[in-house]
Amino acid sequence: MTDLNQCTFTGRLGADPEVKSFQNGGRICNLRIAVSEAWKDKQSGERKERTEWISVTIQSDSLIGVAERFLRKGSRILVQGQWRTRKWTDQQGNDRYSTECVLPPMGSKLIMLDGPQGGGSQNDGPRHVNDRGNQWGGPETGSGGAWNEPDDLDDDVPFISPDFALERRVR
């Protein structure tokens, strides 16, 4: 059986997305997500909170476009990708390591939990974006219990990939 490297995080962006372009035309987008957990201390009854900062690197062109266009500091998102450790050399020539959630071109997911640009209203629902840039969601419409599919399915593609997800709308 093959091992599985998959990570999922939900949190808020600590800054606007940072997009870097390279001379070869490639791009990446870096995000920092604050993932908080809260609990009540059993001894004191005091509410405690801890926040972990997760580095996210988006390599998917379609998800980079979505991040540039819709995400802002404070946006609440869910990301699903792979957990990777990267080795790099600092200015003094020392080896450094950083561990991050990487959203590769295939098999990654980004869900905007509070609507585009972090300004979700009561009627906004999650906006789902897969690694091909297809997005769906938002305010619920139609009859209750129906399956809602993205409006922008590509008719030229003769199959649906295994990671294509449909969200069941429940009223």
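Any read-out appearing in this document is the output of simple, stated calculations on the displayed coordinates, not a laboratory observation. Every value quoted in this text rests on a predicted model; they were computed, and no experiment measured them. Cβ placement follows ideal geometry from the backbone for every residue including glycine, while neighbour counts extend to all protein chains displayed.
Spin-label model, Arg27 to Asp41: label points 7 Å out along the Cα-to-beta-carbon direction sit 4.7 nm apart. List the residues of region 1-15 whose backbone N lies under 19 Å from a point placed 7 Å from the Cα of Thr85 along the Cα-to-Cβ direction. Residues passing the 19 Å test: 3-8. The modelled label-to-label distance between Thr10 and Met106, using points 7 Å beyond Cα along the C-beta direction, is 2.9 nm. Extension gain, Ser55-Thr99: 0.36 nm per intervening residue step, less the Cα-Cα distance, totals 15.1 nm.
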